[in-house]
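Working notes for the structure below.
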Amino acid sequence: MISIIVPVLNEENKIEKTLQVLDRLKGQKEIIVVDGGSCDNTVKIAKSYGIVTESSKGRARQMNKGAEESSGDILWFVHSDSIVSVDSLGKIKETIDKGYIGGGFQLYFYDMDTLFMRYIAKTSNMRAKYLQLIFGDQGIFVKKDIFEKMNGYKDIELMEDWDFSRRLHKMGKVKMVESKIGTSARRFSSGGQLKTFLLMQKIRLLYLLGKSPSELNKMYREVR
């Protein structure tokens, strides 16, 4: 079974569409929504679609909590604003059956179809395929036993997906499947496409240079 883990925090405007799509997927699955302390209707909406559990705020903590609560042998981490393809569960199972330990999906932005956003999606998919750096909005999936051996996501405020992806690659073969996963470009819409892109590149560079995730998180929140 595939456990679909969705971390949320005040996502009443996005979460129902995501959960509706996940609920319609064919295959053996469970949906676990992990709330980080929402003060809107997120939890009320989520209870109609699956298990809802609570965790202290922080995407890494919430995803680890969801993994602890899961019953499946494969974990699939999906952002609250994602729109997944109808064949996603089949693609995950097929990938794992071929000997891969995990992977991700081909990213696109479903609510901002500009040339620049297509460029960002294209280069993100190339990075994931050739550098084995899969980010959270690309729908990371992993065998549960491998996740447990890795002690899950590191409890850091930002870049937890980068850190996890690098460690995952060392554990075995990882694959980017051909199916797509859509994510919202709301951060680019509110902060400006170029300005937001440059800020994100700056954050990644500073992370590589040793800047702490907590400091980087403050910068990241500036454009949300």
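The criterion of being open to solvent by 50 Å² or more (accessible area, probe 1.4 Å) and either within 21 Å of K14 (Cα to Cα) or touching a strand residue (DSSP E or B) at 6+ places or on another chain (Cβ under 6 Å) (or both) holds for D111. The lone criterion from (1) basic (K, R); (2) open to solvent by less than 60 Å² (accessible area, probe 1.4 Å); (3) free of Cβ contacts under 8 Å to residues at least 40 places away in the same chain left unmet by K144 is number (3). A search for C-beta distances below 7 Å between a residue of segment 1-19 that is without any contact (Cβ under 8 Å) to a residue 40 or more places away in the chain and any residue that is among the hydroxyl-bearing types (S, T, Y), counting only pairs 6+ apart in sequence or on different chains, returns N10/S38; N10/T42; E12/T42; L19/Y49. Residues in segment 98-132 that are under 15 Å from L168 (Cβ atoms), touching a residue at least 24 places away in the same chain (Cβ under 8 Å) and of a type in the set (A, V, I, L, M): I101, A128. In segment 171-186, the residue that is nearest to L131 (Cα to Cα) out of those that are under 17 Å from the mean Cα position of the chain (by Cα) and open to solvent by 30 Å² or more (accessible area, probe 1.4 Å) is K175.
The values are calculated or read from the model by the stated rules, or taken from the named source; none is laboratory data. Keep in mind it's a predicted model, so treat the numbers as computed, not measured. Note that we place each Cβ from the backbone using ideal geometry, even for glycine, and neighbour counts take in every protein chain shown. Just so you know, the surface numbers come from the protein's heavy atoms only, side chains and all, with ligands and any DNA or RNA stripped out. Shrake-Rupley method; radii C 1.70, N 1.55, O 1.52, S 1.80 Å.
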